[in-house]
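Participant: Sharing a structure, written as structure tokens. Questions coming.
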Amino acid sequence: MIVRLWHGRVDASKADEYAEFMKERAAPDYSSVDGLQKLLFLRKIETDVAHFLLLTYWDSMESVKKFAGDRPEKAKYYPEDDQFLLEKEETSSLYEVFYEK
């Protein structure tokens, strides 16, 4: 199994709106790809900045590539992200799961 981790920062005043956008736009997109096992959206607000983590669990690297393309570590963005994100990180992190309980 492969875990793909993406991080984004949003002004805290837009945190709720961005959370809704992620549920309505990103979740269906990820869920449409065969091989997605699990999807988690996480949020932590620190004063004026909201940090978002998106963790996706995939059955294989090939499944990640179906979603992200030939460079699975490259972050994927939607046009609407420009309204929210303080910057766009270029990459996501990929981890191989070697133990699960």
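The values are calculated or read from the model by the stated rules, or taken from the named source; none is laboratory data. Predicted model, so just to flag it, every value in this text is computed and none were measured. In this analysis, Cβ positions are derived from the backbone assuming ideal geometry, glycine residues included, and neighbour counts consider all displayed protein chains.
Conditions tested, residue by residue: (1) more than 11 Å from residue 4 (Cβ to Cβ); (2) in contact with a strand residue (DSSP E or B) (Cβ under 6 Å, 6 or more places away or on another chain); (3) in contact (Cβ under 8 Å) with a residue 60 or more places away in the chain.
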position: 21; (1), (2), (3): yes, no, yes
position: 48; (1), (2), (3): yes, no, no
position: 54; (1), (2), (3): no, yes, no
position: 57; (1), (2), (3): no, yes, no
position: 71; (1), (2), (3): yes, no, no
position: 93; (1), (2), (3): no, yes, yes
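Participant: How about region 81-90: which of its residues are within 11 Å of residue 7 (Cα to Cα) and loosely packed, with under 13 Cβ neighbours inside 10 Å?
Facilitator: Answer for region 81-90, where residues must be within 11 Å of residue 7 (Cα to Cα) and loosely packed, with under 13 Cβ neighbours inside 10 Å: 87, 88, 90.
Participant: Would you mind stating whether residue 14 is at pLDDT below 95 and of a type in the set (Lys, Arg)? Even if it seems obvious, please write down each step before you answer.
Facilitator: Values: at pLDDT below 95: no; of a type in the set (Lys, Arg): yes.
No, not satisfied.
Participant: Within region 6-19, can you find the residues that are hydrophobic (A, V, I, L, M, F, W, C) and touching a residue at least 60 places away in the same chain (Cβ under 8 Å)?
Facilitator: Our first condition is that a residue be hydrophobic (A, V, I, L, M, F, W, C); within region 6-19, this holds for 6, 10, 12, 15, 19.
Scanning region 6-19 gives 6, 10.
Participant: Go through (1) exposed (fewer than 15 other Cβ atoms within 10 Å of the Cβ); (2) modelled with pLDDT of 95 or more and name the single condition residue 69 misses.
Facilitator: So the condition that residue 69 fails would be (2).
Participant: Looking at region 14-49, which of its residues are within 15 Å of residue 86 (Cβ to Cβ) and either loosely packed, with under 11 Cβ neighbours inside 10 Å or of a type in the set (Val, Ile, Thr) (or both)?
Facilitator: Residues satisfying the conditions are 44, 45, 46, 47, 48, 49.
Participant: For region 63-98, which residues satisfy the criterion of being of a type in the set (Val, Ile, Thr) and outside any strand (DSSP E or B)?
Facilitator: Answer for region 63-98, where residues must be of a type in the set (Val, Ile, Thr) and outside any strand (DSSP E or B): 64, 97.
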